[in-house]
Structure formats: structure tokens, C-alpha cells
Amino acid sequence: MSKISMETIISLCKRRGFIFQGSELYGGLQGIYDFGPLGVELKNNLKQAWWRDIVHARDDVEGLDSSILTHKQTLKQSGHVDTFSDPMVDCRSCKQRMRADHIKDKKCMFCGSTDLTEPRDFNLMFETHYGPIQSDEHVAYLRPETAQGIFTNFKNVMDATSRKLPFGIAQIGKAFRNEITPRNFIFRVREFEQMELEFFVHPSQDDNWHQYWVKNRLDWWVNQGIHPDHLKLEEQKGDELSHYSKATTDILYEFPHGFEELEGIANRTDYDLGSHTKQQSELNITANVKENAASTQRLAIKSPQDPQPLVPYVIEPSAGLERGVLAILVDAYQEETLDDGQKRVFLKIKPALAPIKAAVIPLAKNKAEIVELAQSIKQKLQKIGLGRIKYEDTGNIGKAYRRHDEIGTPICITVDFESIESSEPSVTIRYRDSREQKRILIEDLINQFGQLIGLNN
Ligand code: GAP
């Protein structure tokens, strides 16, 4: 088990403005969270890191941003309408509902009663209607995974980019699941974001590419600053596999409530493209696709080594953004006891992910020249464009350090009397992790800013 309790993380998130309960003003909506000023920065930084490494740094991946509202036939063909459900039981004593596979010893997880109903399937999709008529004909769903928008745009992207196998389509976006028992803060929620890549390969190459992506994704999380000992791989057993998967390897992180899934890397075979393909009978589709699609397209491609058009296999690394944010926060959380016996909390977060890159603190806020200089340094650093810079003139310097340690700001910059008096103006910078301080010329601070905050590490 992780050494930090979930309560500690929840309290930090609320106090400092990372994450708030959704609709808190009206008693809250269970399993829904809002991201505050620091949370949105951290979330965006993590998304950017993913997009940079999965799309920009590669030659074989295109990006996509498909819609959330999804045609019901898409989700019928994908198997979600019929099979995307969890077994649910009701407690006859306290009337609470829970997932059958989450309860132990056949006891209610809320009141301990053993008077439970038999398990029933509960579909997790959020249903809505489009247009002014609320009939069955106008049903649409909020997508339960971003993946289907990629499959249904497969041909559009292929045609527009002239891609050949292997290649991928990546997407970051919201997904919605009406989870029976959302819990563990932002770990299991009803509205969340996914970072998904659908990587299309020749069917004969699927196992190699699966292994490649498992390793790539594990290394990526380590590269985001997560300690390798807090991550492990786990292969899903046959009865755990989703209806579309031939094999799935999960990357588990040691959350405060134990090792749990952070990302899954699935071999979805030709299940989805096959399901969305018109006239499947003409093609050699290997997955167990149930019925012919009502789609207008044939999602098969010509490949030089095959006489017949083929439906590619797909390897899918799929990560939850909220789980990523939680893992980053838990892993970065540090406590130490200082020489004077005081406890110091700091977030040892990778500088690229840090919500605030630096704080500029005027040592005397009544001295106009110090304030002006501090403001101008803040403006110059902001212009460099590496992220948020905070001008900090509330409270004393000790308080400012404490606040910025706790939110993971890599350096604090202090402007003092020496800064305005010297012919070679300088400031003090203090490092978050070591608390070391050094004097640096303002010119050097501006020129070497990225390096100074450790952005290259
Ligand atoms: N397209 C494949 C797919 O959706 P999944 O294992 O159901 O597979 C992928 O979800 C990832 O999305 C998970 O590894 C997890 O990080 C995240 N995720 C799934 N359900 C979630 C929920 N209710 N709350 C937060 N994250 C969730």
C-alpha cells in the first residue's frame, strides 16, 4: 500500500485548488469532480506530454477530436448496447446499490447486511435524445470510450492522409460511464477523460506490436516521474477481458487503496473495424463479429502482400487522465521534518507537469522599485511561454515557500533590496526539492529559465 492516505491527497487538492467535488453547492453529484486552477494546469500538462510523445514525436500517428454524442448504431455494432454492463445488486436493508464483483462475503458494503438481491446487468452508458423529439428513434449516447470515434473515422483519416499499415490514430477526450459505485476520489468517476491510441497493424504483426506498446507505455509513465516500483504489469485473465479483446495487459499503479489499473493495452483484433464494416461476409474477418453492420462503409484496406483486402488488427493503449493525475499527485507527495522540528510538505513533481513553473516574490511589497522589478521579471518569464508564472505578494516569504512547495512549484524567485541597488541586478532563487538558495543575475535567470527549473530533466 502507498504510504499516503487518500484523505491527505483529497485535503491538499481541495485546500490548494486542484480538485473540487462537482456541484458541491447543491450537495454534490457523486462520481463527478471539477478541476480548479491548479488541477486544470496539471491535467493540461499531462495531456500535452502524452500528445507530444504519441503524436508529435512520431511519424506513424495522426490526431483526432471526434464528437462525444454518438449514434446508437455505432454503439450497437461495437457491442456496448448489449454488453457494456456491470452486475449490480441491491441491499434490501439500506437500499444502496453496488457492483456485485465489488462486494466481499456476500455482504452489503454500506451496512453489512446479507439481505441482497440476485445480481442483474446494469448498462453503464448515459443515454440522451437529440433534437426536439424524445423518442427511441432519437436516442444517442454519451460515448463510453473515445475509441469508437476513431474506428468510425478510420476511413476518413486513411483517405485524407494516405496512410499505410502500421499507423495509429490518437485522441484525448471525455468519456462517460454511469458507474454503479464511483469511489476512491477521482479513481472511479462517471465523467472522465481518456488518452487513447488505436494503432492499426497487419494481423500477422499483432503480438509484436502489443508487446511494443506495453513497454512504450510503461516507460512513459516512469518518464512522467512515477517511481518504477509503484508500477506493475498484469495480464487480464480470460473472464476479465472485454468483449472485443484477445489479450489485455494492464499497467497498475500503487494508489492509496492498493495496486489498481492506470492504463490498459488491449489487442482488439479486427473486432471493431469488422463490426462497423458493411458486407462483412466478403472479407476474412477473424473476430467474433455478430451481425452485419448498417454502416455504409467497408473498412478494409489493400495491402501489397495480401491478394484480398484485409481488415487491420488494432492495438489500443488506453489511459485514464484522472487516474494519471491521481497517480502523479500521490507519487510526488513528500513530507520531511526540518531541523526546527516543523513538518514540510512538498510535491516533487516533474517540472514539465508542475502547474506553476515559478513564483516571483517581492521581499518588500511597500517598496515601489522592488514591486516594479518583480512585476517586470514575472512578465518576462511569462513571455517565454513555458507555463504559468505566479506573482506572489500575499503573506510572508515563509508562507509563500510553504504554499509553493505544497503545489510543486520548481523554484521561487525573491526580489530584494540588493536586486535594486546593485549595478548588476540579481535575485535569489530557491529550489523546491533541496531548499537550496542561490543568487543569480536577472539576465541569466531570463536566458536560462527552462534549464533552471529543470525542464530538460
Ligand atoms: N477504449 C478502451 C477502454 O475504454 P477501459 O479499460 O474500460 O478501456 C481505459 O478504460 C482506461 O480509462 C482505464 O485504464 C482507466 O484509466 C480509465 N477509466 C475507465 N473507467 C474509468 C472511470 N470510471 N473513472 C476514471 N477512469 C476510468
Summed over the other residues with a beta carbon less than 14 angstrom from that of Leu124, with K and R at +1 and D and E at -1, the charge totals -1
Tyr431, Tyr141, ranked by accessible area, largest first (probe 1.4 Å): Tyr431, Tyr141
What cysteines in the chain have no other cysteine with a beta carbon less than 4.7 Å from their beta carbon? Cys13, Cys412
Rounded to the nearest 0.05, FRET efficiency between Glu234 and Gln379 (Cβ-Cβ, R0 35 Å) equals 0.10
Length gained, Arg439-Ser204, 0.36 nm per residue minus C-alpha separation, equals 78.6 nm
Of Leu12, Leu69, Leu338, which has the most accessible area and how do the rest follow, probe 1.4 Å? Leu69, Leu338, Leu12
Dipole of the chain, positive end: most advanced residue of Ile407, Ala374, Cys108 [Cβ charges, Cα centre]: Ala374
Of the listed pairs Lys3/Lys47; Lys47/Lys302; Lys246/Lys278; Lys155/Lys237; Lys14/Lys350, which have alpha-carbon separations greater than 25 Å here? Lys3/Lys47; Lys47/Lys302; Lys155/Lys237
Within the chain, what's the longest stretch lacking GluC sites (Glu not before Pro) that sit in DSSP loops with no more than 13 other Cβ atoms inside 10 Å? 1-290
Order Cys111, Cys91, most accessible first, counting only protein heavy atoms with a 1.4 angstrom probe. Cys111, Cys91
I need the phi-derived Karplus couplings for segment 189-195: 6.51 cos²θ - 1.76 cosθ + 1.60, θ = phi - 60°, integer Hz, Gly and Pro marked x. 10, 9, 10, 8, 10, 10, 10
Aspartates and glutamates within cross-link reach of Lys357: Cα-Cα under 15 Å, excluding same-chain residues under 8 positions apart? Glu41, Glu392, Asp405, Glu406, Asp433
Residue-normalised value, i.e. accessible area per residue, for segment 1-62 at 1.4 Å probe, in Å², stands at 56 Å²
In terms of the ratio Rg/(2.2 N^0.38 Å) built on C-alpha atoms, what value belongs to segment 198-308? 1.30
What FRET efficiency would be calculated for the residue pair Glu291, Phe110, taking the C-beta separation as r and a Förster radius of 41 Å, to the nearest 0.05? 0.55
Chain lengthening between Asp101 and Leu25 when straightened (0.36 nm per residue, less Cα-Cα): 24.1 nm
Charge dipole magnitude, Cβ of K and R +1, D and E -1 - the chain, Cα centre, debye nearest 20: 780 debye
Expected unfolding gain across Glu335-Asn396 under the 0.36 nm per residue rule, minus the alpha-carbon gap, is 19.8 nm
Cβ charges +1 (Lys, Arg) and -1 (Asp, Glu), total dipole of segment 23-125, debye: 420 debye
Between beta-carbons, use under 11 Å as the cut-off and find the net charge around Ser426, counting Lys and Arg +1, Asp and Glu -1. -4
Tell me, what does the Kirkwood hydrodynamic radius of segment 356-452 come to in angstroms if you use every pair of distinct C-alpha atoms? 13.2 Å
Find which of Asn396, Ser426, Asn184 sits farthest along the positive direction of the dipole of the chain, computed with +1 on the beta-carbon of Lys and Arg, -1 on that of Asp and Glu, about the Cα centre. Asn396
How many nm is it between the label spots at Ile446 and Ser422, if each spot is 7 Å from the Cα in line with the beta carbon? 1.6 nm
How large is the Kirkwood hydrodynamic radius of segment 165-245, counting all unique pairs of alpha carbons, in Å? 15.5 Å
For the chain, diffusion coefficient by Stokes-Einstein and Kirkwood Rh (Cα), 4 °C, 1.567 mPa s, µm²/s: 52 µm²/s
How large a share of the accessible area of segment 356-452, in percent, is made up of carbon and sulfur atoms when the probe is 1.4 Å and the other protein chains stay in place? 45 percent
So how far apart, in nm, are the two label points at Lys343 and Gln73 if each is 7 Å from Cα heading toward Cβ? 6.0 nm
In debye to the nearest 20, how big a dipole does segment 356-452 give about its Cα centre with +1 on each Lys and Arg Cβ and -1 on each Asp and Glu Cβ? 460 debye
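The values are calculated or read from the model by the stated rules, or taken from the named source; none is laboratory data. Predicted model only: the values in this text are computed from it and were never measured. FYI the Cβ positions are ideal-geometry reconstructions off the backbone, even for glycines, and counts take in every protein chain you see. These area figures cover heavy atoms from the full protein model, side chains too; ligands, DNA and RNA do not enter into them. Shrake-Rupley method; radii C 1.70, N 1.55, O 1.52, S 1.80 Å.
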